[in-house]
1. What's the number of the only condition in (1) assigned to a strand (DSSP E or B); (2) open to solvent by 10 Å² or more (accessible area, probe 1.4 Å) that ILE176 fails to meet?
2. So how many residues does region 659-709 have that are small (Gly, Ala, Ser), out of contact with any Pro (no Cβ under 9 Å at 6 or more places or on another chain) and modelled with pLDDT under 90?
3. Which of the residues spanning region 400-453 are out of contact with any Asp or Glu (no Cβ under 9 Å at 6 or more places or on another chain), of a type in the set (Lys, Arg) and in a loop (DSSP other than H, G, I, E, B)?
4. On the given criteria, is GLU474 touching a Lys or Arg at 6+ places or on another chain (Cβ under 9 Å), within 23 Å of THR335 (Cβ to Cβ) and outside any loop (DSSP other than H, G, I, E, B)?
5. Report, by residue number, each residue of region 180-214 that is within 19 Å of ASP534 (Cβ to Cβ), assigned to a helix (DSSP H, G or I) and not basic (Lys, Arg).
6. Name the pairs whose Cβ atoms lie under 6 Å apart, with the first residue in region 645-672 and over 21 Å from ALA618 (Cβ atoms), the second open to solvent by less than 60 Å² (accessible area, probe 1.4 Å) and among the β-branched types (Val, Ile, Thr), and 6 or more positions between them or separate chains?
7. Can you tell me which residues in region 533-561 are closer than 26 Å to SER594 by Cβ, in a loop (DSSP other than H, G, I, E, B) and not hydrophobic (A, V, I, L, M, F, W, C)?
8. Residue check: is ASN677 polar (S, T, N, Q) and touching a Ser or Thr at 6+ places or on another chain (Cβ under 9 Å)?
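The values are calculated or read from the model by the stated rules, or taken from the named source; none is laboratory data. It should be emphasised that the depicted structure is a prediction, and the values quoted were computed from it without experimental measurement. With ideal geometry, Cβ positions are generated from the backbone for all residues, glycine too; neighbour counts draw on all protein chains shown. To get the accessible areas, we keep the full protein, side chains included, count just its heavy atoms, and leave off ligands, DNA and RNA. Shrake-Rupley method; radii C 1.70, N 1.55, O 1.52, S 1.80 Å.
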Amino acid sequence: MPRLIIISNRLPMSLEEQPDGSFSMKQNVGGLATAIGPYHRSHHDCLWVGWSGEDPADHTDEEIEAMRSTYKKNRCIPLFLSGEQVAGFYAGFSNNTLWPLLHDFSHEAVFDPNTWETYQQVNQLFADALAPLIRKGDTVWVQDYHLMLLPALLRGRFDNISIGWFLHVPFPSPEIFRSLPQSRDILKGVLGADLLGFHTVDFVQNFKSCVRQLLGYEMDDSGHITAEDGHTATVDAFPIGIDYNLYRRTTRTSLARAMRRGIEEQSGKRPGRRYNTSLSAEGSAAAEAATKSGSWWSHHVHEELPELTLAQSALSGKNSKPNKVVVSVDRLDYTKGLPERLRAFERLLEKYPEWTGHVTYYLLATPSRGDVETYRKLKEEVDRLVGRINGRFSLLAWTPIHYITRSLPIKPVCGIYAAGDVALVTPLRDGMNLVAKEYLACHDGRDGALVLSDMCGAVKELTEAFIVNPYDIEMTCEALHDALEISPEESTRRNRAMQARIKARTAGTWCAGFLDALRQVSDPGLSDKRLRMDQRNVLLAQWAKANRKLLLCDYDGTLTPLVRDPNHAKPTLELRALLSRIGTEPGVDLVIVSGRSHTTMEQWFGELPVSLVAEHGAWRSDYDSNGRIWARAENIPDAKQWQPAIEELMKQSVDRVPRSFIEHKADALAWHYRTSNQRSAQLERKQLLHDLREVCTGLGLMVMENSKVVEVCPLTTSKGRAISSWVAGGDYDFMLAVGDDTTDETMFAAMPEDSWTLKVGSGMTKARSRIVGAAALHRLFGYLIAESEAGKAEKGK
């Protein structure tokens, strides 16, 4: 069976040596491991290939073999790189050259031909390690900038696999990327993939511009790029999400609660170790005594120690600010904008001195690459700024910045998030930035304000945040002040809008969406008219703005996958809940348009808040809480007059094709052969079609071919006619029709030009866009519901 093979620089698990010399596995914490790890763990046919983090020179052959065996039990294939290889490949070309260039920091890039040579060698090592693992039909998913040559290396060896590549960081403009001496080699390397993924549409456009200017390859508006060897790669955006429920649950753990409580007590937000004035009792008494004295000392002590004046204001009731907490969680990296953010906080205390003593900034900055001079200087600058601000503004019982420079596990990090009244997330450049989403998940359904840089991908989804240019210190200061001043009701309203989106756009849906798209672009029958991310964004925006919305959906093959036995296609509880949820949205009319009998439709969907069309339009029922009434279409031939002759022909086919059967409907008959031997069934199908068409001529009947079904129904019925009353008379400002087979083509043809039509699966179609399957439609419906929830939150509902 085809498998998924994930390739990344590091594996999602690390080794821990036990006292007896054996090894155990520990799950790594990080964006990639969190995003794809659940898929890897739940799919037993999925392998993960990556660097082990171990130098083979440090271990015996027996230890290396023991490590391989331990990894293999967890379906991981480790590579062992030497210290020299790691220095050139990882620390050198990946992090000293590609990382700064991709983040628009070209002045930090180091161009060393030796590290480029090592980068090539290690990419080749990955290709060599994969060669014996790959089987015909496998899907290979390459991750990030460390392995940008690998797709082309694999394409040169294998022409019968699907290759995807995703970049987890930004992609720069041609003006920056072309400064890389090996820029053309890098572009050709990733274009060996079938699908190239980026976080945002902007990054996609940057990449396409680079390909156009540096390689001169042909491309079209659908994101298809044709290389000089004829291989076609597709480029699109796939914004990554988080495991929302993981962060929401973790916030409620005892360790996270303890961290939150400690921060709130320390900052004075709740009674505890620090009380709620700006000074200790002794300091307050000294301030009051100094104020009463008219001496020279009293005058000058207030100039030298302004906190005494602030304490006096607090004592007199002039400064009634509540105590607040600002949080940041980041790596110590020059792309994160930590110095700029500290200067903005310093400016806040200068410009709004009433916050002195009442706002505490908890900055968790995990050290990174301390052996690199740029990073050492960055840490020195951050250390100096923290020291300056604390020295300048600290009071006897209050320190403005609590600076933590170590890595913390997820539980205390969630406690920090939960304690923050404001999250200050202002990178100078970032691909997505999951910290902003993690903060919102830890504030599920409650207040808390987000100050967010406009230079990260997350800003496209988190539009209700306080958006800032991170280079603009004054702007960030004002946004921070506004975030501190915002009411709990207003911040909760904003958060609920953003939370609605990121609950639906999770790491799981990102992973499934990319793999669906890779399957789609790799299959000639599915690749045309693929619904791109820029189109999906327009669809969601139109839905969000519309007042009246019409959704028309086929059932079999559309809302649920096709199954061998039609009786096993009963909707799941999850699907019923999804349909009920979207059907109860204000202004939404949901219509299930099916070829199923009206009795089956009544049994399966009768209680749901949806309208139903059965037997391709012969029967219709609108939702009524008092009970459904089914209406039969007019001018339909009496089934008793024609069904016996048609049934006799179909019975002959049943006799000749084992496991085929006839489905009886009030105004249709269908011969099903999905579970039969397909060679004999196809031969019989041709004969049956010939015989049926001879009989149906002149009876007002038509013969339809669906997916492994031959059906006869009245000529006057069709899904297109059935939906006409809704389309023509509904006064809708958003319409979407979705179907999977030939019977749905009349529905697509009946839709207005400005509506949305989606074909599910392969085949020729009049629909304007295509998605790969029922699961993709479920995700799309989830996104629509999220936009509705966000809209209601914005309106305070």
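1. For ILE176, the failing item is (1).
2. Selection size over region 659-709: 3.
3. Across region 400-453, the qualifying residues are ARG406, ARG446.
4. Yes; evaluated as a whole, the condition is true for this residue.
5. Restricting attention to region 180-214, the residues satisfying the condition of being within 19 Å of ASP534 (Cβ to Cβ) are 195-212.
Among the residues that remain, those that are also assigned to a helix (DSSP H, G or I) are: 201-212.
VAL201, ASP202, PHE203, VAL204, GLN205, ASN206, PHE207, SER209, CYS210, VAL211, listed by residue number.
6. ARG659/THR675; SER660/VAL654
7. The answer is ARG548, ASP554, TYR555, GLY557, THR558, PRO561.
8. Details: polar (S, T, N, Q): yes; touching a Ser or Thr at 6+ places or on another chain (Cβ under 9 Å): no.
Answer is no for this residue.
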